[in-house]
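In what follows, a single structure is set out as structure tokens and then discussed.
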Ligand code: ME8
């Protein structure tokens, strides 16, 4: 990716049913990263969207008595709406049933073919419809799909194949030379070890399945995975200006589709001589220890959750609770705890205490003063930036929170409320500067709340360069509604 541009994508979600909290989690992670990069002055392209072809969708539509297109139009809207409700700042919401996608897919398949990596043949294997993937006996757990724990179907396919086997050693070398290709080391090792087993060619066509027509033979539709992965090129308008500006990007995805994004996508990308992207692999959200998924049926509905809790509290909770790359549990009890103790008490009270004194004793006007070095030494912006560069989002929040607590402790230790007005004003200036910078650093995570804080401070920030103390000449503050209501 050229300097100063940043392309981040989420997976495109299957529209076999409405979104659950796992889908939301991924979008929030990507949103935080995209917002942070924008604050850092990057030109960002952030894509998300829906994956609308394949047998799984076809069967879900049949169940509802709808045509596949009617069905995907209906379900895709839930995903779009999810982005609106949760303030996901995407630049492009891509649907694989769009014409622009079909056009790019055609170009890519033709290019792979011209480069000599497609042939006609036949294949029989064990197929998981949920994964839209063939498995070998070795992959199975107790004879069932390793991801969905469901029986597999035997499928015989005549069709076209992609010579993926040719890329095995290149992929191994790439991982060795560029470990950052797969962010999380444990999962990187898993892929690396799986690549020691001979890599089979990939069947890339299907018969009588809802999908895009295969450009080389209209008797076939395309295997959904290959077509879906190409969305990452469609969204940046391959092969035009935007593509040149933004490729290669960073694909944010969950653990179940790491193989597809590293081995399948990696091979496709190599077959058309492009630079490989990076894969940012997060963990699963579990419910009572089990992966939340549509097929298991143990899902949390993010729309229902947003009716009960502030959207920013949900965004904050998911990132603070689950370190990037690890699996984590969701529970409403834990969400309430963080909402009440951290957002309402630590952050909300900090703002409200300082504003109360400023309004009572200074009518909200606080002029520039010497910065309290002891207080600001508790915030290490560089450390936060480094964490962010390594996608250690939980650590970023931990670090910011240590500073929020330090500000509260400072008020208590100094007995701010009981000081003489001259000293009080000095401390208030440092505290408002601290809160402004806290709001700035938190804005990718809880954007609506940062906006509310800025309003009450009578100022706002739009760049990480403003994370410096002593920038504001004077404050004219005004207390507003409290940031977070506690929930019993
Ligand atoms: O796999 N916790 O779509 P999908 C965290 N269409 N993330 C989760 C999750 C959970 N419980 N459940 C799902 C697909 N995800 C394909 C992708 S991309 C070219 C095609 C994540 O709807 C999952 O890991 O099953 C994936 O990254 C995304 O949600 C979409 O999953």
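The values are calculated or read from the model by the stated rules, or taken from the named source; none is laboratory data. Computed from a predicted structure; not experimentally measured. Using ideal geometry, Cβ is built from the backbone for each residue, glycine included, and neighbour counts are taken over all protein chains shown.
For region 136-145, what are the residues that are modelled with pLDDT of 85 or more, surrounded by fewer than 19 Cβ atoms within 10 Å (Cβ to Cβ) and within 31 Å of the chain's Cα centre (by Cα)? If you could, list the steps in order and put the result at the bottom.
So the first thing to find is which residues in region 136-145 are modelled with pLDDT of 85 or more, and the list is 140-145.
Of the ones still in play, those that are also surrounded by fewer than 19 Cβ atoms within 10 Å (Cβ to Cβ) are 140-144.
Passing the criteria: 140, 141, 144.
From the list 415, 392, the lone residue that is modelled with pLDDT of 95 or more and over 20 Å from the mean Cα position of the chain (by Cα) is 415.
Quick check: anything in region 222-235 in contact with a helix residue (DSSP H, G or I) (Cβ under 7 Å, 6 or more places away or on another chain) and either free of Cβ contacts under 8 Å to residues at least 60 places away in the same chain or not assigned by TED's automatic domain parsing to the domain that holds residue 106 (or both)? Checked against the condition, which is being in contact with a helix residue (DSSP H, G or I) (Cβ under 7 Å, 6 or more places away or on another chain) and either free of Cβ contacts under 8 Å to residues at least 60 places away in the same chain or not assigned by TED's automatic domain parsing to the domain that holds residue 106 (or both), region 222-235 yields at least one hit. Consider region 240-254 and keep the residues that are touching a helix residue (DSSP H, G or I) at 6+ places or on another chain (Cβ under 7 Å) and part of a loop (DSSP other than H, G, I, E, B). The one that is farthest from the ligand (Cβ to nearest atom) is 249. Does at least one position in region 255-264 carry a residue that is surrounded by 21 or more Cβ atoms within 10 Å (Cβ to Cβ) and more than 9 Å from the ligand (Cβ to nearest atom)? Yes, because at least one residue in region 255-264 is surrounded by 21 or more Cβ atoms within 10 Å (Cβ to Cβ) and more than 9 Å from the ligand (Cβ to nearest atom).
Each residue in region 443-468 was checked for being surrounded by fewer than 22 Cβ atoms within 10 Å (Cβ to Cβ) and outside any helix (DSSP H, G or I), and 8 pass. In region 1-90, counting only helices (runs of 4 or more DSSP H) that sit wholly within it, the ones holding 1 or more residues that are touching a strand residue (DSSP E or B) at 6+ places or on another chain (Cβ under 6 Å) and either closer than 25 Å to residue 393 by Cβ or more than 14 Å from the ligand (Cβ to nearest atom) (or both) span 21-39, 68-85. I'd like to check something: does region 57-67 contain any residue that is closer than 30 Å to residue 272 by Cβ and modelled with pLDDT of 95 or more? Within region 57-67 (the criterion being closer than 30 Å to residue 272 by Cβ and modelled with pLDDT of 95 or more), the answer is no, since none of the residues qualifies. Residues of region 100-118 include none that is assigned to a helix (DSSP H, G or I), in the same structural domain as residue 20 (by TED's automatic domain parsing), within 14 Å of the ligand (Cβ to nearest atom) and touching a strand residue (DSSP E or B) at 6+ places or on another chain (Cβ under 6 Å). Scanning region 214-235 for residues that are in a loop (DSSP other than H, G, I, E, B) and within 16 Å of the ligand (Cβ to nearest atom) returns 223, 230, 235. Scan region 381-399 and tell me whether some residue there is out of contact with any strand residue (DSSP E or B) (no Cβ under 8 Å at 6 or more places or on another chain), surrounded by fewer than 18 Cβ atoms within 10 Å (Cβ to Cβ) and in a loop (DSSP other than H, G, I, E, B). Yes, there is a match, as at least one residue in region 381-399 is out of contact with any strand residue (DSSP E or B) (no Cβ under 8 Å at 6 or more places or on another chain), surrounded by fewer than 18 Cβ atoms within 10 Å (Cβ to Cβ) and in a loop (DSSP other than H, G, I, E, B).
Residues in region 279-291 that are more than 9 Å from the ligand (Cβ to nearest atom) and buried (at least 18 other Cβ atoms within 10 Å of the Cβ): 2 in all. Considering each residue of region 122-132, count those that are touching a residue at least 60 places away in the same chain (Cβ under 8 Å) and surrounded by fewer than 17 Cβ atoms within 10 Å (Cβ to Cβ), and give that number. Adding up the residues that qualify gives 1.
Taking region 292-346 only, how many residues are part of a loop (DSSP other than H, G, I, E, B), surrounded by 16 or more Cβ atoms within 10 Å (Cβ to Cβ) and away from the ligand (no atom under 13 Å from the Cβ)? Please lay out each step first, then the result.
Of region 292-346, the ones part of a loop (DSSP other than H, G, I, E, B) are 292-301, 309-310, 322-327, 330-331.
With the extra rule that they be surrounded by 16 or more Cβ atoms within 10 Å (Cβ to Cβ), the set shrinks to 292-295, 299-300, 309-310, 322-325, 330.
This time we only want the ones that are away from the ligand (no atom under 13 Å from the Cβ), so: 309-310, 323.
Looking only at that region, the number is 3.
From the list 463, 434, 430, the one residue that fits, being more than 18 Å from residue 372 (Cβ to Cβ), modelled with pLDDT of 95 or more and in contact with a helix residue (DSSP H, G or I) (Cβ under 9 Å, 6 or more places away or on another chain), is 463. Against the test of being within 15 Å of the ligand (Cβ to nearest atom), assigned to a helix (DSSP H, G or I) and over 18 Å from the mean Cα position of the chain (by Cα), the options 267, 169 yield a single qualifying residue, 267.
Being away from the ligand (no atom under 13 Å from the Cβ), surrounded by fewer than 18 Cβ atoms within 10 Å (Cβ to Cβ) and not assigned by TED's automatic domain parsing to the domain that holds residue 398 is a property that holds for residue 273.
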